[in-house]
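Notes follow once the structure below has been shown.
Read-outs throughout are calculated quantities, based only on the coordinates presented, and are distinct from any laboratory measurement. Since this is a predicted model, take the numbers as computed values, not measurements. Note that we place each Cβ from the backbone using ideal geometry, even for glycine, and neighbour counts take in every protein chain shown.
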Amino acid sequence: MRKEDDVRVDSSLSAFAGKPPEEQAKAKHKVFFPNLDGIRFFCFFSVFLMHAFFSDNPAVSADPTYKFLRHYLFDEAHIGVNFFFVLSGFLITYLLIKEKEITNRIHIGNFYVRRILRIWPLYFFNVAFGFLIFPKLKAMFGGVPAETADPRYYLAFLSNFDVLRHGLADSSLLNVLWSVAIEEQFYLVWPLLLFVLPARHYQKLLGTIIVLSFCFRLYHYGEPMVVHMHTLACISDMAVGGMGAALVLQNQRFHSAIRELPRWSIGLLYVALFGFYLFRKEIFTGVALSIDRLVFSLFFVGIILEQNFTSRSLFKLGRHAFISNMGKYTYGLYCLHMLPLLVVTTLLAKMGMADRLWKIAFIQVPVALVLSLVAAWVSYHAFEKHVLKLKDKFAVITKS
């Protein structure tokens, strides 16, 4: 990998040449994208703001400033999840292609173990809390539990289909899991496809998935929840991310073009993304809803490639220590933030402090964010990082 690329590679492919398979499996090829943690944090933060900057109090919801901010900034912030999907598709595909280059195979069992160690502990904490503890807490605070979610879907990582069938769950901790379920469905199938197919066919496969996913959204454009949460509607995000990884690894001219992007085009990328985001509701209406996901996924993979491979970037997120450091807590932040937010909104409502916009903006949002950061920090250092240490035992490629 070229020295100007913002991706750190600690050992070359030649280090594995000529070694028997058992030695290759033990050797570690270290790859680290220093700018991805910052991207992860911004993805989480956009989702957090959508959830936290919300009020069903009539005095707030009728405020013109609140309506303006919700319409242009926070109603559409769930595209942070779309960005997560593109990022997952890029990173997983990149690492699987590199593994196949290094060892001439993809060790599917080890891949599954790594994903289980990363995803399952917090996921099943949310499931247990949502179905077992949340109803009791709601009753304690004078509410009436009314859970419609089916735990079988959640145990099988099919919760996005449960939402499509039964609507949102009563427990807010369960409602963030639909995207994790789609990620797990992707993780289940993707290494199998890359294992079976020769590497020269990867780009054709990815292109086919993008087209079929678009056709699915086009057919269901009048069903917003299906377009938003169905696996076949969302899978193009992963495929676009995967296409970025395949092109940068397999196409030298593409790699060179990304590396030499002029600054004006990089600036235009970010300005255009912001403009499309602000006016998304006006631009993507009716049948055009079928293409908005593809448009944003192309922007997102462009940012991923620009941040990690361009030599003339306007800025690199990896150089901002705080943002990058927060990135390692993003899975915990995403899974757990609804619990602190629920506590804060409940207490503020009971104290009569949720009836003005400034209270939402300057009390509810920052307090919930701080508590979410604390919860994620505790989760990571008390539990997650100890489990994550086991991942390297099942990896040819590790984070440097």
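Some values worked out for this structure:
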| item | result |
| --- | --- |
| Two-site label geometry, VAL211 and TRP377: point separation in nm, points 7 Å out along Cα→Cβ | 5.1 |
| Linear extension gain, VAL113 paired with ILE363, 0.36 nm per residue minus alpha-carbon span | 85.9 nm |
| Label point distance in nm, GLN250-ALA156, each placed 7 Å from Cα along Cα→Cβ | 3.3 |
| Kyte-Doolittle at least -0.5, axis length at least 15 Å by Cα - qualifying DSSP helices, the chain | 36-52, 79-103, 108-128, 177-196, 202-219, 231-250, 263-278, 289-309, 338-350, 365-379 |
| Separation in nanometres of the label points that stand 7 Å from Cα toward Cβ, at LEU73 and ARG319 | 2.7 |
| Cα gyration tensor shape for the range 157-289, rounded if a/c is under 1.5, else prolate or oblate | oblate |
| Exposure proxy ranking, count of Cβ atoms within 10 Å, fewest first, for MET238, MET243 | MET243, MET238 |
| Percent breakdown of C-alpha pair distances by 10 Å bin, ordered from the shortest bin, for the chain | 4, 20, 32, 27, 12, 4, 0, 0 |
| Estimated FRET transfer efficiency when R0 is 25 angstrom, pair HIS386-PHE125 (beta carbons, to 0.05) | 0.95 |
| Residue order, fewest to most surrounding Cβ atoms within 10 angstrom, among VAL271, VAL367 | VAL271, VAL367 |
| Ranked TRP358, TRP377, criterion: other C-beta atoms within 10 Å, fewest first | TRP358, TRP377 |
